[in-house]
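These notes are about the structure you will find just below.
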Protein chains: 2
Amino acid sequence: MVVAKVWQRVKAFEGNPKQSDFKLVDEKLADTLKENEILIEAVYFTVDPYIRVLDLPTGLPAEQVARILDSKAKDFPKGSLVLAHVGWRSHAIINVTEPMNLGFKATIVPEIAGLSPSLWLGIIGMPGVTAYMAFLERCDPKPGEVVVVSAASGAVGSVVGQLARDKGCTVIGSAGSKDKCDWLKSLGFQHVFNYKETAPEEALKQYAPDGVDIYYDNVGGDHTEAVLNNLRVKARVLICGQISAYNQARDMVPNPYRKILRAEAKVQGFLIFKHLADFPRVRKEIISLVQQKKLQPRETITQGFKNMPQAFMDLFTGANFGKAIIKV
Amino acid sequence: MVVAKVWQRVKAFEGNPKQSDFKLVDEKLADTLKENEILIEAVYFTVDPYIRVLDLPTGLPAEQVARILDSKAKDFPKGSLVLAHVGWRSHAIINVTEPMNLGFKATIVPEIAGLSPSLWLGIIGMPGVTAYMAFLERCDPKPGEVVVVSAASGAVGSVVGQLARDKGCTVIGSAGSKDKCDWLKSLGFQHVFNYKETAPEEALKQYAPDGVDIYYDNVGGDHTEAVLNNLRVKARVLICGQISAYNQARDMVPNPYRKILRAEAKVQGFLIFKHLADFPRVRKEIISLVQQKKLQPRETITQGFKNMPQAFMDLFTGANFGKAIIKV
């Protein structure tokens, strides 16, 4: 009999998540598999900011790359790696024909030389697919346009910035430390600023004196307000994340509507959970870009399942570079 | 020698425009025309809410249908009617090769049986072209979708509502009196509400219990906030006017960004002044729709150039139905 270790959320988050919000429990799994079921053991986990705002009925959502320990499912052979969206748990039995949390289905992770399986949680996973679809397919970037990316050293932002650079845009990224800014420079961002030292409004005055064509918003708050005050005609704002609002929502914001009208701007939201059918197509494109070195992945890896709450909390204090991954 | 009567704005507007903001002066025109010039006499004027927010260097902007009294311009024969964007003035001399206020160029008004020349200021003019381009070409309306139109009895809103009805949408319109609501019902709006008696939030609960697919915003304020709280997935919000904000801007509004994100909504602005090249194409379409009785024009005509300030002020108190026109 396999006993799964499971992290549970014991109460609703208030403000930044705290260690006391979490509890580790044991859960006995069934002894035998039914038709279409597989028994899996987690190898890598992802933690993402969106967890903060979802209120799933059971446990905490998270995708994992897991090893198949036993299988009664065709096309899911024992020993293979599989993507499973079953929460913060070390082991699970899943039916591969049924959707998991957020509608995700079990997906085999192919073994490709030079690509860590953990990348299927990052640049070849939800954050990368988000960046590709939301930026390339919804923001219509053109050479020479001024693109601002917030949380630019994060899992989504760092991909957006690299895609923008390859489109010939002028890329301005914000991040929360000198190390992160240096890394963004090394990726080819033309301008970077540390938002802890320079207000977005100031940075835009300096780096985007003629305004912003595209703003890829991962944070909300000051960044959004500064861009709304500096929209170029036909500017596009893509609301992808609102990390500043997850823990401290601003109920009232400066009126954006006249600014949107005057610039004929477009402000749109993108939620990856509505686009799961696009994953196979977009994953292929991203794998190709990574193999051509046009996209550089970066991960911050936390060792140990027991440290998963800390890895999650770190997302909100800006401790991670690139994709936050937990290695069991 | 011709002496033009000219309404001038004597000070910046504060809150609702007042009679004392305006002054009527005489202006002597040149005795002779130069090459490409025409002398015109106003027949119809339009007043539009946007005047409130523009700050043009000379006088007050407004388009007029004028009679050509004398001409030294090819294709602009004496006796014809012409559209001219030369402000609140009874007479003018214009060079037809040069752009006027806001980039508009002089355009001959063709004589078409059954269509008053004043319609070139309304349904076949800026408001109609705005409604057509912003709604049909940017909101992607589909049969069965729920469309909300604010200021629905106005020059733009009444056209949007009729276009939405013809697309097979469920149309909800707001207006400021029972008479206006009755008229909208007669045009085929499924639901109407008097926003002076029913708050937009209440109206949406009743008429759009499953949310709003498209909001065509002519007013801003309460209407926009109510819709943002009731967005359907992939909702589209078109910011066309912000009449509630022209005179009493709300500096702070409820945070829309998370709502836009969660619905994957799109909020975009439309400014007709950036689309003057589209007028000939769109005018043809609208003339055809009017001739097929698919679009019903409605005008509120104020008699007398001397009453032009009052006609303008009436826009902000909701006194007019359809297009506000001044007949000299």
- prompt: Would you call A:MET313 part of a helix (DSSP H, G or I), touching a Pro at 6+ places or on another chain (Cβ under 6 Å) and among the aliphatic types (A, V, I, L, M)?
  reply: yes
- prompt: Could you say which residue among B:CYS181, B:CYS139 is not in a loop (DSSP other than H, G, I, E, B), not assigned by TED's automatic domain parsing to the domain that holds B:THR32 and not polar (S, T, N, Q)?
  reply: B:CYS181
- prompt: modelled with pLDDT of 95 or more and part of a strand (DSSP E or B), is that true of B:ALA131?
  reply: no
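Listed here are the residues, each with its yes/no results for (1) more than 14 Å from every other protein chain (Cβ to nearest Cβ); (2) in a helix (DSSP H, G or I); (3) over 22 Å from the mean Cα position of the chain (by Cα); (4) surrounded by fewer than 24 Cβ atoms within 10 Å (Cβ to Cβ).
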| site | (1), (2), (3), (4) |
| --- | --- |
| B:GLY161 | yes, yes, no, no |
| B:GLY173 | yes, no, no, no |
| B:PHE189 | yes, no, no, no |
| B:GLU201 | yes, yes, yes, yes |
| B:THR224 | no, yes, no, no |
- request: Scan the range A:226-241 residue by residue and report those that are more than 10 Å from every other protein chain (Cβ to nearest Cβ) and not in a helix (DSSP H, G or I).
  value: A:ASN229, A:ASN230, A:ARG232
message: For the condition under 16 Å from the mean Cα position of the chain (by Cα), surrounded by fewer than 17 Cβ atoms within 10 Å (Cβ to Cβ) and either closer than 16 Å to A:PRO117 by Cα or basic (Lys, Arg) (or both), what is the one hit in A:ILE301, A:ILE286?
response: A:ILE301
task: Answer yes if at least one residue in the range A:285-305 is at pLDDT 95 or above, within 24 Å of A:GLN8 (Cα to Cα), among the polar types (S, T, N, Q) and not in a helix (DSSP H, G or I), and no otherwise.
output: yes
- request: Taking only the range B:11-38 into account, find how many residues are assigned to a loop (DSSP other than H, G, I, E, B), surrounded by 10 or more Cβ atoms within 10 Å (Cβ to Cβ) and in contact (Cβ under 8 Å) with a residue 12 or more places away in the chain.
  value: 9
- line: If we keep only residues of the range B:48-73 that are out of contact with any Asp or Glu (no Cβ under 9 Å at 6 or more places or on another chain) and at pLDDT 95 or above, then the residue farthest from B:LYS18 (Cα to Cα) is B:VAL65
- request: Just give me the residues in the range B:299-324 being of a type outside the set (Asp, Glu) and within 15 Å of B:TRP120 (Cβ to Cβ), in sequence order.
  value: B:ILE301, B:GLY322, B:LYS323, B:ALA324
The range B:295-308: number of residues that are under 19 Å from B:LYS180 (Cα atoms) and touching a residue at least 40 places away in the same chain (Cβ under 8 Å): 6
- request: State all residues of the range A:259-308 that are within 14 Å of chain B (Cβ to nearest Cβ) and not hydrophobic (A, V, I, L, M, F, W, C); if no residue qualifies, say none.
  value: A:LYS259, A:ARG262, A:GLU264, A:LYS266, A:GLN268, A:GLY269, A:LYS274, A:HIS275, A:ASP278
task: List the number of the failed condition for A:LYS323; all other conditions in (1) surrounded by 22 or more Cβ atoms within 10 Å (Cβ to Cβ); (2) in contact with a Pro (Cβ under 9 Å, 6 or more places away or on another chain); (3) modelled with pLDDT under 95; (4) within 14 Å of chain B (Cβ to nearest Cβ) hold.
output: (4)
- line: Heads up, the strands (runs of 3 or more DSSP E) in the range A:39-120 (entirely inside) with at least 1 residues that are surrounded by 17 or more Cβ atoms within 10 Å (Cβ to Cβ) and not hydrophobic (A, V, I, L, M, F, W, C) are A:64-71, A:91-95
task: Kindly indicate whether A:ASP278 is surrounded by 15 or more Cβ atoms within 10 Å (Cβ to Cβ), of a type outside the set (Lys, Arg) and part of a helix (DSSP H, G or I).
output: no
task: Would you confirm whether any residue within the range B:143-154 is over 25 Å from A:VAL267 (Cα atoms) and either buried (at least 24 other Cβ atoms within 10 Å of the Cβ) or assigned by TED's automatic domain parsing to the domain that holds B:PHE321 (or both)?
output: yes
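The values are calculated or read from the model by the stated rules, or taken from the named source; none is laboratory data. Predicted model only: the values in this text are computed from it and were never measured. Virtual Cβ from ideal backbone geometry, glycine too; neighbours counted across all protein chains shown.
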